[in-house]
Amino acid sequence: MDDDGGVAGKEALGKGSVLFYGVGHVLNDITAACWFTYLLVFITDIGLSPRNAATVMLSGQIADGFTTIFAGELIDRFGHFKVWHGAGSILVAVSFSSVFGSCIPCIIFGNVSPSLQTIGYSFFAAVFNVGWAATQVSHMSMVNCITLNSTSRVVLASCRNAFSMVANLSLYAIAFVVFHIHPSRTTSDVENQYRWIAYSSIFVGCCFVVIFHIGTKEPRLKEDSRGHNYQKISWTYWFKKVLYYQVALVYVFTRLITNVSQSFLAFYVINDLRMAQSSKALIPAMIYICSFIISVLLQELAWTGQRLKVFFSVGGVLWVLCGLTIFFMPSNMKNIMYILSFVIGIANALISVTGVSMQSYLVGEDVKGCAFVYGSLSFLDKMSCGFALWALESYQSTSAALKNCNPTSSCFSVSRYGFGLVPAVCALAGVVVTCTMKLEKPRLRPLKVPLLE
């Protein structure tokens, strides 16, 4: 970024700028990991039905989706990225512990009916996601205003993804400790478990938010690289671009893969593969360790549009193979899950980094409309994930038929569809769309100071 706070030019970014930006989404990432991995498990463990759990999840996703649209429009009009980021982070920190904890309306009214519990958890889920969306859109929009260098934008996305892996690993480390120190025997024990996980996650995330705000300057839109003043770009400008729809599809498929699979992972390893309770934290941790390593390595590459397409396609094909294996794997072959976790980690890193980076290629130097692009695509992501999870979880079951399933054959539960088949189909569709894209093909420069040095 230029000294005067304007949009930086084509020069590559230094290591410090990349790192300070990369930590800005840790609070969102660590709470999102808890949201997608444990919300459905938590809600059903305290006695609510799978459909009620799905309703709580859907309420948050809908609130998140609509907030991204409004936040994107307001950020494009008025800027102030860090103000939106800070306000959203405060809302996330304040509301998240109420998502994983006791039902506050139930305490107030002295009623613990399933309907009131569902309403209470849904309300705080919506509030949490409003703050989450404001933080996400402001943070993602900053990429195109910090630098115009395409490779630096991919590096920023890679660094953010790497710290996302750190956030996820932190969550699973916290969860692993809590599940061992505080075993659950009653509903109150379950609430205490997740309350401690929530409090610890908020503390870790807020530390990184402070680092981000101290180390990152507020981008101010003044003039573009040709000396022209920036003007607000109309929504219709993007709707006329074929690439907008292609990138939107790829991004939605990417988020469906990662979010839906993450949401049903715990159900799959416990109910279908009959693994130990600690696997709810161990398997996700192994996935994110591998993703973190790959994300760091990706930051060292010089990027072109063609390379983005190739790496996404490789990640998509890996997910197709993993998804089909998960779908058909019998419980007596559960140890294969440890191998699959590493392959899934590689695939997640490849599709996440390249999927987000394609948005930067779409925006290019049209930075005065970047918040709408990120907001609208995030809206599609939240709504599609919300309804997909609602549809799947509504039919979730841990019935005796599943528990008595022959260990040498597959019982096709909802968990197998959510963790295996749905991500595989989305990955295949994403690869097909990616192959039809026409991205720019400039020879781009790598990061000025490699992060691995």
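The values are calculated or read from the model by the stated rules, or taken from the named source; none is laboratory data. Fair warning: this is a prediction, and the values are worked out from it, not measured in the lab. Virtual Cβ from ideal backbone geometry, glycine too; neighbours counted across all protein chains shown.
Taken together, the residues in region 1-31 that are at pLDDT 90 or above and not hydroxyl-bearing (Ser, Thr, Tyr) amount to 5.
Restricting attention to region 230-245, which residues are outside any loop (DSSP other than H, G, I, E, B) and at pLDDT below 80?
TRP235, THR236
A count restricted to region 177-204 and to residues that are surrounded by 13 or more Cβ atoms within 10 Å (Cβ to Cβ), in a helix (DSSP H, G or I) and in contact (Cβ under 8 Å) with a residue 12 or more places away in the chain stands at 16.
Residues in region 205-228 that are surrounded by fewer than 18 Cβ atoms within 10 Å (Cβ to Cβ) and either assigned to a helix (DSSP H, G or I) or at pLDDT 90 or above (or both): CYS206, CYS207, VAL210, ILE211, HIS213, ILE214, GLY215.
Per-residue answers, yes or no, for (1) touching a residue at least 40 places away in the same chain (Cβ under 8 Å); (2) part of a helix (DSSP H, G or I); (3) among the polar types (S, T, N, Q); (4) over 17 Å from GLY24 (Cα atoms):
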residue	(1), (2), (3), (4)
ALA87	yes, yes, no, no
CYS106	no, yes, no, yes
ASN111	no, no, yes, yes
SER122	yes, yes, yes, yes
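Residues in region 37-58 include at least one that is within 14 Å of the chain's Cα centre (by Cα), over 14 Å from TYR121 (Cβ atoms) and in a helix (DSSP H, G or I). Quick check: anything in region 285-296 under 19 Å from the mean Cα position of the chain (by Cα), among the aromatic types (Phe, Trp, Tyr), closer than 18 Å to ALA167 by Cβ and part of a helix (DSSP H, G or I)? The answer is yes; a qualifying residue exists.
Checked against (1) modelled with pLDDT of 80 or more; (2) closer than 23 Å to GLY355 by Cα, VAL414 passes all but condition (2). What number of residues in region 256-278 are surrounded by fewer than 21 Cβ atoms within 10 Å (Cβ to Cβ) and part of a helix (DSSP H, G or I)? Final tally of qualifying residues: 1. Checked against (1) closer than 18 Å to GLN193 by Cβ; (2) assigned to a helix (DSSP H, G or I), SER102 passes all but condition (2).
Pairs linking a residue in region 265-277 that is basic (Lys, Arg) to a residue that is surrounded by fewer than 23 Cβ atoms within 10 Å (Cβ to Cβ) and assigned to a helix (DSSP H, G or I), with Cβ atoms under 7 Å and 6 or more positions apart or on different chains, are ARG274/SER331.
From the list ILE326, ILE336, ILE257, ILE283, which one is of a type in the set (A, V, I, L, M), under 18 Å from LEU421 (Cα atoms) and free of Cβ contacts under 8 Å to residues at least 60 places away in the same chain?
One residue alone meets the criteria, ILE336.
Looking across region 298-312, the residues that are part of a helix (DSSP H, G or I), surrounded by fewer than 19 Cβ atoms within 10 Å (Cβ to Cβ) and not polar (S, T, N, Q) come down to GLY305, ARG307, VAL310. Residues in region 332-346 include at least one that is under 20 Å from the mean Cα position of the chain (by Cα), crowded, with 24+ Cβ neighbours inside 10 Å, aliphatic (A, V, I, L, M) and assigned to a helix (DSSP H, G or I).
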